[in-house]
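Reviewing the structure listed below.
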Amino acid sequence: MLFFGRYSVAAATLVLVASPAMAGDGAFGWIKGDWYLTLGATGMVGPSFEGSKKFMFSAQPIISLGKAGNDTRFSSRNDNISLALIDDGVVRAGATGKIIFGRDAEDELEGLHDVRWGGEVGGFFEFYPTDWMRARAEVRHGIRSHSGLVADIAVDAFHDVTPAIRVSGGPRVSFATDDYFDTYYGVNAQESAASGLSQYDPGGGVKSAGIGGAITWKATDNVTASLFTEYSRLMGPAADSSIVKERGSRDQLTVGVSTSYRFDFNL
(Lines give C-alpha, C1' and ligand atoms only; values in the text may rest on other atoms or scores of the structure.)
Protein backbone atom coordinates (compact mmCIF):
# COMPACT_ATOMS: atom_id res chain seq x y z
CA MET A 1 0.00 0.00 0.00
CA LEU A 2 2.86 2.38 0.78
CA PHE A 3 4.44 1.68 -2.62
CA PHE A 4 1.09 2.32 -4.36
CA GLY A 5 0.50 5.50 -2.40
CA ARG A 6 3.83 7.04 -3.34
CA TYR A 7 3.39 6.53 -7.05
CA SER A 8 -0.24 7.60 -6.92
CA VAL A 9 0.80 10.96 -5.47
CA ALA A 10 3.44 11.45 -8.16
CA ALA A 11 1.07 10.46 -10.96
CA ALA A 12 -1.76 12.63 -9.64
CA THR A 13 0.54 15.63 -9.46
CA LEU A 14 1.58 15.29 -13.09
CA VAL A 15 -2.00 14.72 -14.28
CA LEU A 16 -3.33 17.78 -12.46
CA VAL A 17 -0.50 19.89 -13.84
CA ALA A 18 -0.72 18.71 -17.42
CA SER A 19 -4.49 18.40 -17.99
CA PRO A 20 -5.42 22.13 -18.16
CA ALA A 21 -2.43 22.81 -20.39
CA MET A 22 -3.56 20.23 -22.96
CA ALA A 23 -7.15 21.48 -23.11
CA GLY A 24 -8.51 23.84 -25.74
CA ASP A 25 -6.22 23.65 -28.78
CA GLY A 26 -5.44 19.95 -28.46
CA ALA A 27 -2.66 18.03 -26.80
CA PHE A 28 0.10 20.30 -28.13
CA GLY A 29 -1.79 23.53 -28.76
CA TRP A 30 -0.40 25.14 -25.63
CA ILE A 31 3.11 24.99 -27.11
CA LYS A 32 2.37 27.80 -29.58
CA GLY A 33 3.11 31.36 -28.52
CA ASP A 34 5.75 33.42 -26.71
CA TRP A 35 8.12 31.63 -24.33
CA TYR A 36 11.02 32.50 -22.07
CA LEU A 37 14.10 30.54 -21.04
CA THR A 38 16.12 31.63 -18.03
CA LEU A 39 19.66 30.29 -17.70
CA GLY A 40 22.20 31.03 -15.01
CA ALA A 41 24.42 29.69 -12.27
CA THR A 42 24.67 29.76 -8.50
CA GLY A 43 27.89 29.61 -6.50
CA MET A 44 27.69 28.95 -2.78
CA VAL A 45 29.52 27.97 0.38
CA GLY A 46 27.63 25.42 2.43
CA PRO A 47 27.85 21.98 4.09
CA SER A 48 30.04 19.53 2.18
CA PHE A 49 27.08 17.12 2.26
CA GLU A 50 23.60 17.23 3.77
CA GLY A 51 24.15 16.87 7.51
CA SER A 52 27.86 17.77 7.48
CA LYS A 53 29.52 20.20 9.88
CA LYS A 54 32.23 21.00 7.32
CA PHE A 55 31.88 23.58 4.52
CA MET A 56 32.80 23.58 0.84
CA PHE A 57 32.21 25.63 -2.32
CA SER A 58 29.78 24.26 -4.93
CA ALA A 59 27.84 25.44 -7.99
CA GLN A 60 24.37 24.72 -9.37
CA PRO A 61 22.62 25.60 -12.64
CA ILE A 62 19.57 27.87 -12.92
CA ILE A 63 17.08 26.73 -15.58
CA SER A 64 13.49 27.90 -15.95
CA LEU A 65 11.21 27.56 -18.99
CA GLY A 66 7.68 28.90 -19.36
CA LYS A 67 5.07 30.69 -21.45
CA ALA A 68 5.48 34.46 -21.64
CA GLY A 69 2.62 36.89 -21.17
CA ASN A 70 2.41 37.01 -17.39
CA ASP A 71 5.58 38.33 -15.79
CA THR A 72 6.88 36.08 -13.02
CA ARG A 73 6.39 38.24 -9.96
CA PHE A 74 8.91 36.38 -7.83
CA SER A 75 11.49 33.63 -8.16
CA SER A 76 13.90 32.11 -5.66
CA ARG A 77 17.19 30.31 -5.92
CA ASN A 78 15.37 27.43 -4.15
CA ASP A 79 13.15 26.97 -7.22
CA ASN A 80 14.34 23.93 -9.11
CA ILE A 81 14.36 23.51 -12.90
CA SER A 82 10.79 24.35 -13.90
CA LEU A 83 8.45 24.16 -16.89
CA ALA A 84 5.31 26.21 -16.27
CA LEU A 85 2.25 24.69 -17.95
CA ILE A 86 -0.24 26.90 -16.11
CA ASP A 87 0.42 30.61 -15.50
CA ASP A 88 -2.38 33.14 -15.04
CA GLY A 89 -0.41 35.65 -12.97
CA VAL A 90 -1.80 34.40 -9.65
CA VAL A 91 -1.38 30.64 -9.95
CA ARG A 92 1.56 28.94 -11.62
CA ALA A 93 2.09 25.18 -11.92
CA GLY A 94 3.97 22.67 -14.01
CA ALA A 95 6.77 20.14 -14.10
CA THR A 96 9.96 20.45 -12.10
CA GLY A 97 13.24 18.62 -11.83
CA LYS A 98 16.44 18.69 -9.82
CA ILE A 99 19.97 17.58 -10.64
CA ILE A 100 21.58 15.59 -7.82
CA PHE A 101 25.33 15.27 -7.62
CA GLY A 102 26.91 12.14 -6.18
CA ARG A 103 28.23 11.80 -2.64
CA ASP A 104 31.58 10.06 -2.16
CA ALA A 105 32.18 8.04 0.98
CA GLU A 106 35.26 9.78 2.30
CA ASP A 107 36.46 11.63 5.41
CA GLU A 108 33.64 11.49 8.00
CA LEU A 109 31.64 9.20 5.65
CA GLU A 110 34.44 6.66 5.21
CA GLY A 111 32.95 3.17 5.27
CA LEU A 112 29.51 4.17 4.02
CA HIS A 113 28.20 3.51 0.51
CA ASP A 114 28.63 6.10 -2.25
CA VAL A 115 25.49 7.90 -3.44
CA ARG A 116 25.26 7.96 -7.24
CA TRP A 117 24.53 11.09 -9.22
CA GLY A 118 20.99 11.33 -10.55
CA GLY A 119 17.98 13.56 -10.28
CA GLU A 120 14.44 14.14 -9.08
CA VAL A 121 11.36 14.84 -11.23
CA GLY A 122 7.84 15.87 -10.29
CA GLY A 123 5.52 18.85 -10.20
CA PHE A 124 5.31 22.28 -8.61
CA PHE A 125 2.48 24.59 -7.62
CA GLU A 126 2.76 28.22 -6.54
CA PHE A 127 0.35 31.04 -5.85
CA TYR A 128 0.28 34.62 -4.59
CA PRO A 129 -2.06 35.16 -1.59
CA THR A 130 -1.10 38.86 -1.71
CA ASP A 131 0.84 41.15 -4.06
CA TRP A 132 3.94 40.81 -1.84
CA MET A 133 3.97 37.10 -0.95
CA ARG A 134 4.45 33.82 -2.82
CA ALA A 135 3.89 30.26 -1.60
CA ARG A 136 5.45 27.37 -3.57
CA ALA A 137 5.40 23.60 -3.16
CA GLU A 138 7.36 20.96 -5.05
CA VAL A 139 6.90 17.17 -4.96
CA ARG A 140 9.67 15.17 -6.65
CA HIS A 141 10.55 11.49 -7.08
CA GLY A 142 14.17 10.38 -7.06
CA ILE A 143 15.85 8.83 -10.09
CA ARG A 144 19.04 6.79 -9.75
CA SER A 145 20.37 8.58 -6.64
CA HIS A 146 17.46 7.44 -4.49
CA SER A 147 13.94 6.05 -4.94
CA GLY A 148 12.05 8.17 -2.42
CA LEU A 149 9.70 11.14 -2.57
CA VAL A 150 10.76 14.62 -1.48
CA ALA A 151 8.43 17.57 -0.84
CA ASP A 152 9.60 21.18 -0.33
CA ILE A 153 7.38 24.05 0.80
CA ALA A 154 8.52 27.69 0.91
CA VAL A 155 6.78 30.99 1.59
CA ASP A 156 8.52 34.24 0.64
CA ALA A 157 7.56 37.84 1.31
CA PHE A 158 9.21 40.34 -1.05
CA HIS A 159 9.57 44.12 -1.26
CA ASP A 160 11.07 46.35 -3.95
CA VAL A 161 13.36 48.83 -2.21
CA THR A 162 13.95 50.46 -5.61
CA PRO A 163 12.75 49.45 -9.09
CA ALA A 164 15.97 47.46 -9.47
CA ILE A 165 16.58 46.09 -5.95
CA ARG A 166 14.35 43.62 -4.12
CA VAL A 167 14.64 42.05 -0.66
CA SER A 168 12.86 38.80 0.15
CA GLY A 169 12.72 36.04 2.71
CA GLY A 170 10.60 33.52 4.53
CA PRO A 171 10.29 30.02 6.03
CA ARG A 172 11.06 26.68 4.38
CA VAL A 173 10.19 23.10 5.33
CA SER A 174 11.06 19.79 3.67
CA PHE A 175 9.66 16.26 3.95
CA ALA A 176 10.85 12.92 2.60
CA THR A 177 9.98 9.23 2.60
CA ASP A 178 12.04 6.46 4.18
CA ASP A 179 13.73 5.51 0.88
CA TYR A 180 15.27 8.98 0.69
CA PHE A 181 16.42 8.95 4.31
CA ASP A 182 17.81 5.44 3.97
CA THR A 183 20.03 6.57 1.08
CA TYR A 184 21.43 9.67 2.77
CA TYR A 185 21.12 8.97 6.49
CA GLY A 186 20.83 5.20 6.95
CA VAL A 187 23.69 3.07 8.29
CA ASN A 188 23.37 -0.70 7.89
CA ALA A 189 25.28 -3.34 9.85
CA GLN A 190 28.09 -3.65 7.29
CA GLU A 191 28.52 0.13 7.06
CA SER A 192 28.44 0.43 10.84
CA ALA A 193 31.31 -2.06 11.16
CA ALA A 194 33.33 -0.32 8.42
CA SER A 195 32.73 3.27 9.56
CA GLY A 196 32.41 3.06 13.33
CA LEU A 197 29.02 4.81 13.17
CA SER A 198 26.04 3.39 15.04
CA GLN A 199 23.60 1.37 12.96
CA TYR A 200 20.52 3.37 11.94
CA ASP A 201 17.37 2.45 9.99
CA PRO A 202 15.29 5.62 9.37
CA GLY A 203 11.61 6.05 8.60
CA GLY A 204 9.97 8.96 6.77
CA GLY A 205 8.87 12.37 7.98
CA VAL A 206 10.02 15.97 8.29
CA LYS A 207 13.54 16.49 6.95
CA SER A 208 14.29 20.09 7.88
CA ALA A 209 12.81 23.48 8.69
CA GLY A 210 14.46 26.86 8.36
CA ILE A 211 14.48 30.30 6.85
CA GLY A 212 16.09 32.01 3.88
CA GLY A 213 16.54 35.50 2.50
CA ALA A 214 17.95 37.27 -0.53
CA ILE A 215 18.82 40.65 -2.02
CA THR A 216 18.16 40.66 -5.77
CA TRP A 217 19.42 43.19 -8.31
CA LYS A 218 17.74 43.47 -11.70
CA ALA A 219 20.64 44.86 -13.70
CA THR A 220 18.69 44.95 -16.98
CA ASP A 221 15.38 43.61 -18.23
CA ASN A 222 17.13 40.30 -18.89
CA VAL A 223 19.98 40.10 -16.35
CA THR A 224 19.41 39.40 -12.65
CA ALA A 225 21.91 38.86 -9.82
CA SER A 226 21.31 37.84 -6.23
CA LEU A 227 23.02 37.50 -2.85
CA PHE A 228 21.35 34.95 -0.56
CA THR A 229 21.65 33.05 2.69
CA GLU A 230 19.79 29.99 3.94
CA TYR A 231 19.63 28.34 7.37
CA SER A 232 17.95 25.02 8.06
CA ARG A 233 17.71 22.78 11.10
CA LEU A 234 17.63 19.05 10.40
CA MET A 235 14.69 17.32 12.04
CA GLY A 236 13.04 13.90 12.37
CA PRO A 237 14.85 10.96 10.74
CA ALA A 238 17.69 13.22 9.53
CA ALA A 239 18.41 14.65 13.00
CA ASP A 240 18.26 11.17 14.59
CA SER A 241 20.82 9.68 12.18
CA SER A 242 24.15 8.59 13.63
CA ILE A 243 25.82 10.38 10.70
CA VAL A 244 24.52 13.68 12.04
CA LYS A 245 24.70 12.89 15.77
CA GLU A 246 28.20 11.40 15.76
CA ARG A 247 29.95 13.10 12.82
CA GLY A 248 27.87 16.02 11.57
CA SER A 249 25.57 18.84 12.65
CA ARG A 250 21.82 19.53 12.63
CA ASP A 251 22.53 23.19 11.76
CA GLN A 252 23.00 23.80 8.03
CA LEU A 253 24.02 27.26 6.76
CA THR A 254 24.53 28.28 3.13
CA VAL A 255 25.65 31.63 1.68
CA GLY A 256 25.99 32.34 -2.02
CA VAL A 257 25.51 34.46 -5.13
CA SER A 258 23.68 33.80 -8.38
CA THR A 259 23.23 35.40 -11.78
CA SER A 260 20.86 34.60 -14.64
CA TYR A 261 19.84 35.77 -18.12
CA ARG A 262 16.34 35.56 -19.61
CA PHE A 263 15.89 34.70 -23.31
CA ASP A 264 12.55 35.43 -25.01
CA PHE A 265 11.47 33.45 -28.09
CA ASN A 266 8.42 32.37 -30.07
CA LEU A 267 7.16 28.93 -31.16
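The values are calculated or read from the model by the stated rules, or taken from the named source; none is laboratory data. Here the structure is a predicted model, which means the values were calculated and not measured. We place every Cβ from the backbone using ideal geometry, glycine too, and count neighbours over all the protein chains shown. Keep in mind that these areas ignore ligands, DNA and RNA; they rest on the heavy atoms of the full protein, side chains included. Shrake-Rupley method; radii C 1.70, N 1.55, O 1.52, S 1.80 Å.
Residues that are touching a residue at least 12 places away in the same chain (Cβ under 8 Å), of a type outside the set (D, E, K, R) and over 22 Å from D152 (Cα atoms), at least 3 per element: which strands (runs of 3 or more DSSP E) completely within the stretch 199-266 meet that? Those strands (runs of 3 or more DSSP E) span 223-234, 251-266.
Which one is farthest from S232 (Cα to Cα), of the residues in the stretch 178-198 that are open to solvent by less than 30 Å² (accessible area, probe 1.4 Å) and within 18 Å of the chain's Cα centre (by Cα)? Per the stated criteria, the residue is T183.
Criterion first (more than 16 Å from R77 (Cβ to Cβ) and modelled with pLDDT of 95 or more) does V167 satisfy it? Considered against the rule, which asks whether it is more than 16 Å from R77 (Cβ to Cβ) and modelled with pLDDT of 95 or more, V167 comes out as no.
When residues in the stretch 77-99 are screened for being open to solvent by 20 Å² or more (accessible area, probe 1.4 Å) and closer than 21 Å to E230 by Cα, 7 of them pass.
Which residues, counting only those in the stretch 127-145, are crowded, with 21+ Cβ neighbours inside 10 Å and modelled with pLDDT under 95? Of everything in the stretch 127-145, just one residue is crowded, with 21+ Cβ neighbours inside 10 Å and modelled with pLDDT under 95, namely S145.
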